1. Can you tell me which residue is farthest from Thr25 (Cα to Cα) among those in the range 162-176 that are among the aliphatic types (A, V, I, L, M) and at pLDDT 90 or above?
2. Given the criteria within 27 Å of Pro253 (Cβ to Cβ), in contact (Cβ under 8 Å) with a residue 12 or more places away in the chain and either touching a Leu at 6+ places or on another chain (Cβ under 8 Å) or in the same structural domain as Arg244 (by TED's automatic domain parsing) (or both), does Thr391 qualify?
3. If you scan the range 654-674, which residues turn out to be under 17 Å from Leu709 (Cα atoms) and assigned to a helix (DSSP H, G or I)?
4. Cβ-Cβ distance below 8 Å, separation of 6 or more or different chains: which pairs start in the range 327-338 with a residue that is polar (S, T, N, Q) and end on one that is crowded, with 23+ Cβ neighbours inside 10 Å?
5. Condition first: under 24 Å from Ala176 (Cα atoms) and surrounded by 15 or more Cβ atoms within 10 Å (Cβ to Cβ). Can you find one or more residues in the range 138-145 that meet it?
6. Pairs please, first residue from the range 1028-1039 and closer than 14 Å to Leu832 by Cβ, second anywhere and of a type in the set (D, E, K, R) and surrounded by 12 or more Cβ atoms within 10 Å (Cβ to Cβ), Cβ atoms under 7 Å, 6+ apart in sequence or on different chains.
7. Name the residue that is nearest to Ala1106 (Cα to Cα), counting only residues in the range 865-885 that are crowded, with 22+ Cβ neighbours inside 10 Å and in contact with a strand residue (DSSP E or B) (Cβ under 6 Å, 6 or more places away or on another chain).
8. Could you grab me the full set of residues in the range 96-113 that are polar (S, T, N, Q) and over 8 Å from Pro74 (Cα atoms)?
Amino acid sequence: MPKEAEVEFTFELLEKLRGYFEKYTLAGRRLQARPDGRLQGKVPDIVVEERGVPVLIIETKRKAEEPLGESLNPLGPAPIAQAACYAALAMLEYKLERTPLFATANRDFLVLFKGIERSDLEKVLDVDACLETKRTPDDWAKALRPGALSTLLNGHIIAHVEDPLSDAGIKKLCDALESQLVGRVLPAEAFYEVFVSAMRKYVEDLSRSISGALKARLLDDAEFFKRLHAGLQEMGYAQGLLSRGILSLVLPPSLRERQREAIREILEGALRRRLAEDGDAFRALRAVSGMTLLELYEEAGRVEQARRLGMQTVELLKATRVRGILSFENLARMMAYALANKVLAYKVLELHYGDVIPPLRPVGIGASVTIGGKEHTVEKPDDLVELLNSTFKQASSELEEKLGMKDFSPLFNAGPFDEVVLGGLEAVEKVNKIIELVDGLKPELRHLPGVIGYVFEGLLPPGERHQLGEFYTPPAVARLIARWAIRSGEDKVLDAGCGSGTFLIEAYKRLLLLKYGKDYSAGQYPSCTERFNEHQGVLDQLYGVDVNAFATQLTGVHLMLMEPRCPISRLNLETRDFFSLKRSSLGELRLPDHFEAVVGNPPYTRWVEIPGTTQDLILRELGDELDAYDLRADTARGREPGIYVYWVMHACKNLLTRGGRLGLIISNAWLQTDYGVGFGRFLLDNFRVRALIDLSFRLFEATISTVILLAEKEPDGEARDNNVITFVRIPPRLKGGEELDPLKAGKLLDEVLRCVEDAIGSDGSLDARALTRCAEEYGVQFTQIRQGDVPKDKKWISLFFTGVEELLSKLEKHQLVTALGEWFEPSYGNALYLCLASWGIVRGVRNLGAKEFFYFSTEKIDEWESRAPGFNAAAEPYLAPAITRSQNVPTFTFTRADWESLRDCGSDAYIFVCHEAVGKLPPQVREYIRWGETECRTKIRGTRGGGEVCSEAEACRARAGNPKVFKGWYDLGGYLPTPLMAVRQPRYHPRFFYVDFPVVTYDAIIALIPKVKVKAGYLTVDPSDFIKERPYLSSAIAPRDVELGETELKALLAYLNSTFVWLWLEQNARYVPKGPLGLEVNVLRRMPVLNVKGLDRADVEALAKAFDSLEEAARTALVGAQAEEEEEGDPCRSKGKRKSALEAVAMLKPHFQEIDRLVAGILGLGVDAEQLWDYAWEMMERRVKGARGPARPGAEVSLDIGRQRGDRRRSPSGGSADMPLDKWL
């Protein structure tokens, strides 16, 4: 049985090798032997590995029974070719520079061959032939090149081993193998793959062992909880252990996305209520954790909602306790990574200071170790954590005491992330595996400086950084900034939010080049001797701080590993708040008098999310500047500059030297916000702004678009004015229409940024000729503007688009154009309360207050008819036709027929509008109002009174507090009909629409309340009538002596939906973090509109006809298109496959462009309609793509117990915001 004989020999040889490797190491290496190692579909008999990488491949054959059995002879061409092919495939798969050793063997003898160099492989083997299917053993011989057999037999045989199964034979084979391993280190790529994959697996295994034990201790040990809670708050997690990214939910996968979201909202509300009662986070979480999910629904008054989910889901909610779904998995993962990085850093120190610091070795349960004269016995898992921390602390003390080295504390102090809780004995084994793995890589640490520095990047993938509180910066971005910001080998560089150290790594490479003439990326690493250490010389000029101890630890490890062969005596790192840094500050970090460069990726935190201590520092250090540039946060006005704004201001005022360079990648939201105008003025008044490079796609796991800011501190005003700013735009789609997605096209992004980098001149400016090459090759777009010509009173967004600023300026100043506010007064909805709140006549939030009370469908009317007979007839006068959802108006008109269709399909089609005293109302209506004061509950995501009795919603309380205007909390005051409305937050294209009958609407619809007489279909509006009934409206909507008919209104609507208005809004509307345009009433008041009364009648009719054509096309393209604000459960949702809203807008492009051509002709503007559309479309893409977040599969849900959405108290934008009501009356 020939085959069985071969298998038996293979098994015996494998077992002999395994036994030898268990007893002995070879050249200090621990090897493993395994069978059947697959290589690109081929299966060698035996593979000998070192840490997962093949070092020897053996092809076995049975003993030849005939003298000429060449296919079975270890020296025959077929066995040699087969073994060599396997070795070649291993070289390619593991990215080796030469093949592993390979051997052919039978029971009589074994022949060992040395590896084939990569450069010689093609001379020896046809690799394609190796991969072909083999019908007979002799087919392998066809893979040998002519003359290759002779080459291998004469120049590659290392050993000929007789009787390979004997002890002597095994020893001879292993001795020969050991001689080849001496001095051998794993190639860089192979080491990276093996080490990173193993380390990541061990860390993930450890984090799972930590997670359960950590949760149990946090929920049961108040002292432990409060210690970690306070530590996390000090590190910038405003809600401590309840912060987003720390606490999450792991929900049953059977629940749908909307159900998981509802549970999240209800749980957040429950925690907030308890925190509001006594402020104790531990008691709040502990109380909630003991409840079932169904009990949470009951507490929130949402039992009916739970029941509608079905009996099976209700039973699941009843059986699921909150404790079971709470997760601190992310915190456990951070703890595991922090511990692994400390082990890695310690082993680097052992390389150089092993005679000074205690050795770090695996320690099992029951073992004892003496550290600093104190014996530590590991009797339980937590004892191992104490031992490790004692070892790290002792090492820092020894280094400081014996060598005077004080700067290693950031490596071993990760704050609350040091409080590891190990779950069971298996967790001890997992910690020891990490120590063993890192201990085994010391040879590579000495030989692979260029690769080991990237180990961290592999251990902590970009996709995990957001969960761990870090945002990954692509190295190409950091490289470009370092290249621009660092000019001299003597520059001192600060990254004040160092994260994982990406910017400091690129700064390290830049300084190494400028200081010592060595190109790190080309393998030219720093040198070091006893007296001269280039590695330390570069580190001395790098400074990093971060409020998060986890981040400073990671940065320290990363910097150490840039050249692990060189000892270090100092790391300029500290866990500290950036805003506490000043030239005179001391602390542990010894700051220089100034910095020549400040680089980095500041947080994108909004003001309300900034910890109170940091807010105080900002106000103390920057108070005067905040007032001068109107950058003081004011949540009442919805004015929340990102922390990066203050970052720039603080760096300029307190850290940068004159001429110092600031290179940051920040959110580009400021380019489109009101506070961005003030921030722009600050930049113009303090810097020569060399370049702004807009990246119109997401680089990070945050929902943020970004811009690279390159600015040079300059106190001289004339020098600033004469500076030329280069505005560079890397669009969402490159030349040829290829979309630049960093997840799929990282290499292309690197090429684009290298091209921009090559345009950097010696003086810091960007050369236009070099950028032209980027434009030609990649579609990069740029414009250059003299700094003194940049307007100080406008948003900067249009500056990135050549000619747009000039075009809009002409539009605003044109004699046939007027401001919208001359004819209409914009309002957030047209219920009187919303109008008064929008215009500052009453104080109150701009929403109805409780849609559960005010919205009616025919089904709800029937329910109340059953509950209170006669309700239908009694309530009819108070139920006004309504638009209750913006997606209910998919086109540019809303007719009575459209409303009737919504009503008939069961949508909320009415709003309760009752402007009468409760005592005068029919009993059925009074009963309904009492229901609103008792049983009715709001369900607005646990905010703005969510879960509260409807009458207690904030808007309802505001009306109850104004009895001179409103009859009670339920009274909206009536409504002001208008034929012109708009979607408040359009995602893609603005949509102004026409209403030809009286209808009431809510705050997500902008109502243009007429100041002029209008006639439209069934609707005639005279503002004088409003004022007769309500004299206090006279200042807001003082009537104009103008009358607009239906044709003129449609002509005006054609213009309002033109690309001219789209562009104007892209520049002027409020930036909404999730991507939509935010139409605000103060902005719309000054929006330029056509004075249709001043146009020729033929032009008016042409525009009106174009609007009708647009509407007709929209009825085809947009009806049934996917809603921009998708809501599950809408009874009127169209069924089947639907076009996306974006596709529908694109389909309407010809009709929009026809309107554009008409407007351009009327105004005499020489505009290319195609270019106009392209500009607007790209600005939209830039806005929307920057906000799009990646889909996150699975059932994990993040919690956000921070500021409630309803806490933003914006005052009305009119000048009368502070005028008391009695003065109006």
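1. Leu165
2. Criteria not met by Thr391.
3. The answer is Ala669, Trp670, Leu671, Gln672.
4. Taking only residues 6 or more apart or on different chains, the pairs are Ser327/Leu247; Asn330/Ile246.
5. Restricting attention to the range 138-145, the residues satisfying the condition of being under 24 Å from Ala176 (Cα atoms) are none.
Taking every residue of the range 138-145 in turn, none turns out to be under 24 Å from Ala176 (Cα atoms) and surrounded by 15 or more Cβ atoms within 10 Å (Cβ to Cβ).
6. Ala1036/Glu825; Ile1037/Glu825; Ile1037/Lys1011
7. In this case the residue turns out to be Ile883.
8. Result: Thr99, single match.
The values are calculated or read from the model by the stated rules, or taken from the named source; none is laboratory data. As the structure is a prediction and not an experimental result, all values here were calculated from the model. With ideal geometry, Cβ positions are generated from the backbone for all residues, glycine too; neighbour counts draw on all protein chains shown.
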